[in-house]
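These notes are about the structure you will find just below.
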Amino acid sequence: MRLNKYVLLAIFAIVVLHKPMTAQDTLNINKSNNKVFISGKPFYIHIVKRGQTLYRIAKAYNVTVEDIEKENFNIKAEGLSVGQPVKIPISKQQNATNKQDDLPRVHVVDSGETAYSIAKKYRVALENLYALNPGAKEAIYRGQKIFLPHKPDTTSTKVLQDNNYIYHIIKKGETLYSIARSYGVKARSLKKENPNINPDDLQPGQVIKFEKNIIKYTDKKPLEDSTKFYYHAVKPAETLYSIALRYETTDEKIIEHNPQLLNRELLAGEYIKLPRNEISLPRQKSHILADSLGKTEVVMLQDTCQCPADGSKDRMQVALMLPLYSYTNDTLNRNLTYQKIYKHSRIFLDFYEGVLLAIDELSKKGIEIDLHVFDTENDTSKVKTITEGSLFPYFDLIIGPVYSQNLPIVVNKAKQFKIPVVSPLSTEQKFLQHYVHGFQVSPTEKILNKKTIATTKTFNADNFIIIKNGNRPENDFVEAFKNEFFKGKTLDEIDHIGYAEITYYAGDEDLNLDPFVDSLHNFVILPSSDKAFVSDVIARLNTLSEDHHITVFGHPRMINFENIDVQFFHNLNTHIFNLNYIDYDSDDVLDFIYKYRKFFEKEPGKYAFYGYDISYYFMHAYQLFGERFHCCLDRYYPTLLQMQFNFEQQQPGTGFINEKMLLLNFQRNYLLRPVNEINH
């Protein structure tokens, strides 16, 4: 049995891409940077290239041929083939060799600096700084030399919790006793809560949990010193930095008055005290809410969505949830001598490959991304299992799932930890209610209709005709169009405007042609997305276009109706909104195609472009602005391959929906081009 390379890479629990992908030629085998963990055991994933042998691969990775054959049972019987993924075991010696030595650097203390500010400046853990400079815990002085670890600490994480438990992901060098001390609890309590953890062999990445009630912290607002101190209730995912920014103070000042934070991070629900004479309270703005009876009340909302001045990150954990159907693909290929991909997983494998190339590109910009790939199939039980995993609280971003029925399952869990969730394909927006960290890439039908009405009324035409589907007449759209179209016009002006509505049933013998005028520019609007209806109408209009000047404005879905001759669209000067447009003259697009062909040995489909653009947009936003990137979207406009985004909240307290669509024109010279939405 031989799994195809795309499916094999997708089914592993964790795919780690830290460095740019490197091409491998037939003579010099460069070691892969694709590292996965299977049942806790680390492997490299090597994709076989032409001319490579098992002996050469083993030699390149410093393992034996027998080591590789043991982990890849099919190789001995079937041999190697081009494109085949091979698991390369990583020994403890290799792991040790690959780790950089923590050689110290030196910082000379300037006036006003503290140990904490120096640790933050160089992004190292305070305890690591104290370990190299024992005296710094008591005091530091100007001119003093402070030794720093060679590599910044990129593994620090926020404290994560649900209603009952705290979850801690073990970092390199931590012991059960140091973890217990940082939370102010006893090590034996941690042992009792985590019987499967070996205290003498803690591994980075392992997760331990313990009950919140054993930690000493203030979860009720103190009454004393209320005139001297302001008490802030910590919200999930808040950091010292974000709180300091909000109150215009510093991390050091907060710790000075809350010394317990020297040894641990913030806990959601606890109160920390801030000296009133050293902070500025957040601005408040009034927001008017109307109830169902029409009454209004003024509610004061804190203006807390501020884009951080320096929230940049250099490492992130990303979950990618796609219906890859790995088991089905495995079954299909069990008795075949060639690779076959299950039809329902093909577009999602393309999407996944686009994500990999986005990660490769971002790695060149200095961020390390741990990509956790989950095969959801179309199974709610699988999605629930994913959300219950011990690593789930530590994701910085979730892309997927793609099916609307699975989104609420993920969002309900992500809410506890304020993890951004991106819906890449669905147009169902219910999951965005009451979750400001939700993002929907595909605009809703309501947004599409609003944009269609605003755009069509600007066309310079003589005769406007709406053709309605008799089985589903889109009356809401028609009424909204008329309200906007005739707004501000006098009765005399309305009498001189060419406007008509036609109701047509697909399959009818005749389409009412009376409203069409051969001497005028007839602008036809087709709001329906019904395939049979649209196909029938387009064919009839194409015939009519031989002696009438017609422009059609249609629904985005009709571009995918394969039973419509594309030439009809061009003959009718068709305009549609679409999420994407690929400019094959663009250097970025050509570079993407080159890399895609080189790495995956096939042509990229449109979903590969989708995967690249969507993942690049959100991962780069996190890199630049951190977990509060949603507060910075009004200043973030990266150059993507085929898409542009404009995420807007539909109302306060909800998630964001992309409202940006490109207006495309099937020109009569048989070119498809984006057009300026204002000048037609």
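The values are calculated or read from the model by the stated rules, or taken from the named source; none is laboratory data. Please read all numbers here as calculations on a predicted model, not as lab measurements. Positions of Cβ are generated from backbone atoms using ideal geometry, with glycine treated the same way; all protein chains shown enter the neighbour counts. We work out accessible area using only protein heavy atoms, side chains counted, and drop any ligands, DNA or RNA first. Shrake-Rupley method; radii C 1.70, N 1.55, O 1.52, S 1.80 Å.
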Which condition from (1) open to solvent by 50 Å² or more (accessible area, probe 1.4 Å); (2) under 17 Å from E265 (Cβ atoms) is the one that K212 breaks? (1)
Is at least one residue of the stretch 456-469 of a type in the set (D, E) and free of Cβ contacts under 8 Å to residues at least 40 places away in the same chain? no
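Within the stretch 483-596, which helices (runs of 4 or more DSSP H) (wholly inside it) include 3 or more residues that are surrounded by 13 or more Cβ atoms within 10 Å (Cβ to Cβ)?
Where helices (runs of 4 or more DSSP H) fall fully within the stretch 483-596 and carry at least 3 residues being surrounded by 13 or more Cβ atoms within 10 Å (Cβ to Cβ), they are 531-544, 566-571.
Results for (1) within 30 Å of T458 (Cα to Cα); (2) of a type in the set (D, E); (3) in contact (Cβ under 8 Å) with a residue 12 or more places away in the chain, shown as yes or no for each residue.
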{"residue": "N542", "(1), (2), (3)": "yes, no, yes"}
{"residue": "D547", "(1), (2), (3)": "yes, yes, yes"}
{"residue": "I564", "(1), (2), (3)": "yes, no, yes"}
{"residue": "F569", "(1), (2), (3)": "yes, no, yes"}
{"residue": "V589", "(1), (2), (3)": "no, no, yes"}
{"residue": "K598", "(1), (2), (3)": "no, no, yes"}
{"residue": "E603", "(1), (2), (3)": "no, yes, no"}
{"residue": "M619", "(1), (2), (3)": "no, no, yes"}
Taking the options P282, P275, name whichever one is at pLDDT below 70, open to solvent by less than 40 Å² (accessible area, probe 1.4 Å) and in contact with a helix residue (DSSP H, G or I) (Cβ under 9 Å, 6 or more places away or on another chain). P282
Is there any pair linking a residue in the stretch 200-211 that is touching a residue at least 60 places away in the same chain (Cβ under 8 Å) and farther than 16 Å from N163 by Cα to one that is part of a loop (DSSP other than H, G, I, E, B) and not charged (D, E, K, R), with Cβ under 6 Å and at least six apart or on different chains, and which? V207/S390
Do the conditions hold for Q52, that is, is it at pLDDT 85 or above, open to solvent by less than 20 Å² (accessible area, probe 1.4 Å) and farther than 30 Å from Q206 by Cβ? yes
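With respect to S390, is the statement that it is surrounded by fewer than 20 Cβ atoms within 10 Å (Cβ to Cβ), of a type in the set (G, A, S) and either in a helix (DSSP H, G or I) or in contact with a Ser or Thr (Cβ under 8 Å, 6 or more places away or on another chain) (or both) true? Walk me through how you get there before you give the answer.
On the way: surrounded by fewer than 20 Cβ atoms within 10 Å (Cβ to Cβ): yes; of a type in the set (G, A, S): yes; either in a helix (DSSP H, G or I) or in contact with a Ser or Thr (Cβ under 8 Å, 6 or more places away or on another chain) (or both): no.
So S390 fails the test.
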What number of residues within the stretch 395-425 satisfy the criterion of being open to solvent by 10 Å² or more (accessible area, probe 1.4 Å) and outside any helix (DSSP H, G or I)? 5
Are there any pairs, at least 6 apart or on different chains, whose C-beta atoms fall under 6 Å, with the first in the stretch 411-433 and on the phi > 0 side of the Ramachandran plot and the second modelled with pLDDT of 90 or more and among the hydroxyl-bearing types (S, T, Y), and if so, which? none
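Working only within the stretch 605-638, note down all residues that are among the hydrophobic types (A, V, I, L, M, F, W, C), in contact with a helix residue (DSSP H, G or I) (Cβ under 9 Å, 6 or more places away or on another chain) and assigned to a helix (DSSP H, G or I).
A608, F609, I614, F618, M619, A621, F625, F629, C631, L633
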Do we have any residue at all in the stretch 313-323 that's under 20 Å from the mean Cα position of the chain (by Cα), within 26 Å of M643 (Cβ to Cβ) and at pLDDT below 80? no
Out of all the residues in the stretch 344-383, which are in a helix (DSSP H, G or I) and open to solvent by 40 Å² or more (accessible area, probe 1.4 Å)? H344, R346, I347, E361, T380, S381, K382
What are the residues in the stretch 605-626 that are open to solvent by 10 Å² or more (accessible area, probe 1.4 Å) and either hydrophobic (A, V, I, L, M, F, W, C) or touching a His at 6+ places or on another chain (Cβ under 9 Å) (or both), if any? L624, F625
The one condition in (1) in a loop (DSSP other than H, G, I, E, B); (2) modelled with pLDDT under 85; (3) touching a Leu at 6+ places or on another chain (Cβ under 6 Å) that P199 fails to fulfil: (2)
Can you pull out every residue in the stretch 179-190 that is surrounded by 16 or more Cβ atoms within 10 Å (Cβ to Cβ) and either touching an Asp or Glu at 6+ places or on another chain (Cβ under 7 Å) or of a type outside the set (F, W, Y) (or both)? I179, A180, S182, V185, L190
Is it the case that F459 is surrounded by 15 or more Cβ atoms within 10 Å (Cβ to Cβ) and of a type in the set (F, W, Y)? no
Residues that are acidic (D, E), more than 19 Å from the chain's Cα centre (by Cα) and either in a loop (DSSP other than H, G, I, E, B) or at positive phi (or both): does the stretch 669-678 have at least one? yes
Residue check, K602 against (1) within 30 Å of I453 (Cβ to Cβ); (2) surrounded by fewer than 18 Cβ atoms within 10 Å (Cβ to Cβ); (3) touching a helix residue (DSSP H, G or I) at 6+ places or on another chain (Cβ under 9 Å); (4) of a type in the set (D, E, K, R), all met but one. Which one? (1)
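Being modelled with pLDDT of 75 or more and either under 22 Å from D310 (Cα atoms) or more than 34 Å from the chain's Cα centre (by Cα) (or both) is true for just one of L261, L223. Which residue is that?
Numbers: L223 fails: modelled with pLDDT of 75 or more.
After ruling out the rest, the residue left standing is L261.
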If we keep only residues of the stretch 115-141 that are at pLDDT 75 or above and small (G, A, S), then the residue nearest to I255 (Cα to Cα) is A115
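Run down K171, K151, K158 and say which single residue is closer than 25 Å to K191 by Cα, outside any helix (DSSP H, G or I) and at pLDDT below 75.
K158
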Complete set of residues in the stretch 627-642 that are of a type in the set (A, V, I, L, M, F, W, C) and open to solvent by 10 Å² or more (accessible area, probe 1.4 Å): C631, L633, L640, L641
Select from the stretch 232-248 the residues that are in a helix (DSSP H, G or I), more than 14 Å from C305 (Cβ to Cβ) and at pLDDT below 75 and list them in ascending order. Y241
